[in-house]
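Here the structure comes first, spelled out in structure tokens, and everything after it is commentary.
Laboratory data are not the source of any read-out in this text; all were calculated from the coordinates shown. Keep in mind that this is a model prediction, so the values were computed, not measured. Cβ coordinates were reconstructed from backbone atoms using ideal geometry, including for glycine residues, and neighbour counts include every protein chain displayed.
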Amino acid sequence: MDKIKTEKAYDLHVEHSQWLENLKFYEDEMMIFQNRVSEIAGKYTDTEVLKQVEHFQNQLIVQKNELDELRHSIKDHETYIENKVAHNPAADHKYVNDHSKERERMETFERLFKEMKLELNKFLSKQM
């Protein structure tokens with residue numbers, strides 16, 4: 001049986017806060033990308049370009065859904081931490097269950113988002 005990894009509550013809270021800020025930034029970028037893709041869709045009638053537009057629109061939808069689910073999961077873990085340390089005067093030194101699943105999901109999300117962004121920017125530079 002695997003032992004559950006623990007970390008200091010304060011350290012996890014700091015990581016949660018950073019992730020949530022990063023997710024806000026990614027969400028803003030997605031809105032910009034969506035506007036640019038919509039701009040391309042309005043300018044072109046070529047089926048190959050429109051296929052690419054649809055591809056990126058779908059990718060942005062998938063990324064936005066994952067972002068929302070990830071944000072919810074992070075907030076759930078933050079609530080877990082708050083409940084664990086609620087009545088402890090040395091709360092920042094209390095060890096709680098690590099959020100390794102969230103960490104892995106965040107790393108995967110960021111990697112896939114960067115890959116999508118690179119691919120999308122290449123497409124946009126050709127079409128704009």
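A few points about this structure:
- Whole-number Å³ per residue for the convex hull built on Cα positions in the stretch 6-127: 85
- Computed extension length for K84-E107: 5.7 nm, one decimal, from 0.36 nm per residue of separation with the Cα-Cα distance subtracted.
- By the helix-only formula, in which each DSSP H run with n ≥ 4 contributes -39500 (n - 2.57) and the sum is divided by residues, the chain has a 222 nm mean residue ellipticity of -29000 deg cm²/dmol.
- Relative contact order (%) - criterion: Cα under 8 Å, at least six apart; region: the stretch 6-127: 46
- Partner lysines for K84 [C-alpha distance under 20 Å; skip if fewer than 8 residues away on the same chain]: K3, K5, K8, K75, K94, K101
- If the segment from M31 to V49 were pulled out straight at 0.36 nm per residue, it would be longer than the present Cα-Cα gap by 4.5 nm.
- Spacing of the two label points (7 Å from each Cα toward its C-beta) at H93 and D68, in nm: 4.3
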